[in-house]
Each structure stands twice: as C-alpha cells, then as structure tokens.
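These notes concern the structure reproduced below.
The values are calculated or read from the model by the stated rules, or taken from the named source; none is laboratory data. Please read all numbers here as calculations on a predicted model, not as lab measurements. Cβ coordinates were reconstructed from backbone atoms using ideal geometry, including for glycine residues, and neighbour counts include every protein chain displayed. These accessible areas exclude ligands, DNA and RNA; they are computed on the full protein's heavy atoms, side chains included. Shrake-Rupley method; radii C 1.70, N 1.55, O 1.52, S 1.80 Å.
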Amino acid sequence: MKLGVSSYCFRGLMTSGEMDLIAVLDWVAKSPAGHLEIAGLDGEYYLENEDVVRDTAKHAEDVGVPIVNYLVSGDLRTADSQEIDRLRRQLDVAHRFGARIFRHDVAPWSWREQDPGEFETTFAKVVEGCRAVADHAAELGIVSTIENHGFFMNGSDRLARLVHTVDRPNFRVTLDLGNGLCVGEVPGKTAAGLIDIAASIGVKDFHIRRSAGDGWLKTLAGDYLLGTISGHGDLDLAGLLALAATKPDVPVSLEFEGLESTPDAIERSLNNILRLAGAA
C-alpha cells in the first residue's frame with residue numbers, strides 16, 4: 001500500500017504559522033508516510049504565490065517525498081466560465097507541484113438540492129464543467145477527480161454516474177473511505193462502489209453516535225460524526241483497507257480531522273493504518 005498524508009492534517013499548525021509546506025515535507029520524510037497530498041481547498045494562496053509552489057516542489061524532490069495530489073474547492077453548479085478558468089489555472093498549479101492527480105469540488109460542501117428536478121438540472125451543468133476541467137488536465141498529463149465530499153456529490157451511485165456521464169479516461173474519483181456517512185451511506189458500500197474508478201484514496205476515522213453535543217456533524221441519516229485518530233473510531237478500517245489493498249498502485253492518504261493534538265495524532269493514525277492493513 002502506498003501510504004501518505006494530506007497537508008489537511010496540519011491545517012491548524014499551518015494556519016497558526018507554526019508550520020509551512022517545507023516543514024510538513026520534512027515531517028513526512030521522517031514519518032511512516034511516503035508521499036504528500038496538498039490541500040489548497042478554499043484559498044487562492046498557491047495560485048498567487050508561484051515562488052512557494054516552486055520551492056515546495058524542489059524541496060519535495062530533495063527530501064524524496066513526492067506530491068501526488070492537489071485538492072481545491074470548486075463550484076460547477078452553473079458551469080460558469082470564470083470558475084472553469086480558475087480550476088484550469090489551479091490545474092497548472094498542480095502541474096508545477098509535480099502532482100499527477102487533481103481533485104476539485106463541484107459545489108459548496110453544505111449545499112444539497114431541494115428536489116430531483118434541481119438535482120438533474122445541476123447535474124447536467126456539473127458534467128459540462130467537469131469535462132472542461134478534465135480536458136485541460138489531459139493536456140498536462142493529470143488525472144482530474146471528484147471526491148465523495150459534502151452533501152451534494154456524495155454517495156457511490158452519484159459519483160459513479162458522474163464519472164460514467166463525463167466519459168473522459170482521465171476523469172476519476174478521489175475515494176474517501178468515510179465521507180459516505182455524511183449522506184447515510186455505509187462505508188463498505190461507498191468503497192465497493194467506487195474502488196474500480198478511484199485514482200486516489202483518503203483514509204479517516206469517525207466516532208459515530210445517535211445523539212451528541214456541540215462539535216459533532218449531523219448526517220443526512222440523523223447520525224452524528226466526530227473525527228478521530230484512525231483506529232480509534234467506529235469505522236471498519238481493517239475491512240476498508242483490505243479493499244483498498246486490491247488496488248496497490250492507487251495512493252492512499254491519511255486525512256486526519258480529529259480534536260486530538262497533532263502531529264502525535266497524525267503519526268498514531270499512520271501507524272494504526274499500517275498495522276490494520278497488515279503492512280507494519
């Protein structure tokens with residue numbers, strides 16, 4: 001299994017200024033992880049700071065930690081030309097990082113259609129936008145992906161339909177093993193339904209409760225989720241990782257989002273993943 005880590009795990013330390021991407025790469029080089037995925041998410045920072053991208057790519061090469069995936073936000077609900085152009089420019093950033101996989105959203109995380117008609121109308125526009133982005137990705141030798149993320153484009157059936165309809169050989173899925181819970185889908189169904197079209201895999205763990213206090217995410221099924229150290233939560237990670245192991249060439253990245261202190265929690269998660277996968 002090609003196990004790495006997402007820079008999203010370090011978001012608190014990066015936001016506070018305690019770490020930057022160079023420091024993250026140095027940490028990864030000494031850790032059980034073998035690669036880094038970079039979560040640009042909602043910001044335009046890497047679009048606006050080419051020197052940071054250049055220096056990060058060089059340092060990644062120097063310390064032997066490849067950058068495999070670059071993740072950004074996106075909103076293709078109207079296939080707006082300005083948004084498509086922004087995602088194309090973010091693809092150029094991915095190329096400068098040396099990443100061969102690019103993940104973009106297609107709607108704000110919390111948005112959900114109001115009725116089936118709105119879904120179908122929006123879906124048609126999303127297909128149009130994803131094709132435009134994937135076509136530019138192909139020019140750069142990059143696989144463009146959509147993650148099962150948020151409340152709209154989530155659930156294995158919706159993502160499989162999108163990949164089939166976009167119909168581009170370089171348009172695939174970044175499969176998050178836990179996110180299907182947000183829309184009431186059990187992780188095993190998510191993984192089984194998407195593993196064959198996955199270009200990358202994200203690993204996280206959740207505590208799952210039927211009732212909870214502040215800080216927990218309420219799902220469409222009425223459950224409550226709280227991120228935690230991988231191996232400390234309620235997901236059947238051993239079973240999910242066994243399925244991921246059937247695709248040994250697909251990079252697997254930890255996405256830690258718990259309340260526990262980092263980077264200790266990140267290292268514990270990585271070691272638990274390796275142990276559960278039988279690769280420790």
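Points worth noting:
- Residue that is surrounded by the most Cβ atoms within 10 Å (Cβ to Cβ) [pool: residues in region 99-144 that are part of a helix (DSSP H, G or I) and hydroxyl-bearing (Ser, Thr, Tyr)]: Thr122
- Across region 191-231, the number of residues qualifying as hydroxyl-bearing (Ser, Thr, Tyr), within 18 Å of Glu147 (Cα to Cα) and in contact with an Asp or Glu (Cβ under 8 Å, 6 or more places away or on another chain) comes to 1.
- Selected residue (only one of Gly231, Gly239, Gly193, Gly150 is open to solvent by 10 Å² or more (accessible area, probe 1.4 Å) and more than 24 Å from Glu267 (Cα to Cα)): Gly193
- For region 175-190, a tally of residues being closer than 13 Å to Ala244 by Cβ and either open to solvent by less than 10 Å² (accessible area, probe 1.4 Å) or over 17 Å from the mean Cα position of the chain (by Cα) (or both) returns 6.
- Residue within region 113-121 that is closer than 24 Å to Asp55 by Cα and of a type in the set (S, T, N, Q) present: no
- Close pairs from region 66-92: first part of a strand (DSSP E or B), partner open to solvent by less than 60 Å² (accessible area, probe 1.4 Å) and among the acidic types (Asp, Glu), Cβ under 9 Å, at least 6 apart: Ile67/Glu37; Val68/Glu37; Asn69/Glu37; Tyr70/Glu37; Leu71/Glu37; Leu71/Asp105; Leu71/Glu147; Val72/Asp105
- Filtered by the rule that a residue be surrounded by 14 or more Cβ atoms within 10 Å (Cβ to Cβ), part of a helix (DSSP H, G or I) and within 19 Å of the chain's Cα centre (by Cα), region 14-46 gives Met14, Leu21, Val24, Leu25, Val28, Tyr46.
- Test set (1) part of a helix (DSSP H, G or I); (2) in contact with a Lys or Arg (Cβ under 8 Å, 6 or more places away or on another chain); (3) surrounded by 14 or more Cβ atoms within 10 Å (Cβ to Cβ) - Arg54 fails condition number: (3)
- Residue check for Glu61: open to solvent by less than 20 Å² (accessible area, probe 1.4 Å) and within 21 Å of Ser200 (Cβ to Cβ): no
- Among residues of region 249-280, those that are in a loop (DSSP other than H, G, I, E, B), farther than 18 Å from Ile208 by Cβ and without any contact (Cβ under 8 Å) to a residue 60 or more places away in the chain, counted: 3
- Meets criteria (part of a loop (DSSP other than H, G, I, E, B), in contact (Cβ under 8 Å) with a residue 12 or more places away in the chain and either open to solvent by 50 Å² or more (accessible area, probe 1.4 Å) or of a type in the set (D, E, K, R) (or both)) for Thr246: yes
- Residue within region 160-170 that is of a type outside the set (S, T, N, Q), farther than 17 Å from Val133 by Cα, in contact with a strand residue (DSSP E or B) (Cβ under 8 Å, 6 or more places away or on another chain) and not in a helix (DSSP H, G or I) present: no
- Taking first residues from region 199-224 that are more than 18 Å from Ala39 (Cβ to Cβ) and partners that are exposed (fewer than 13 other Cβ atoms within 10 Å of the Cβ) and not aliphatic (A, V, I, L, M), the Cβ contacts under 6 Å between residues at least 6 apart in sequence or on separate chains come to Tyr224/Lys218.
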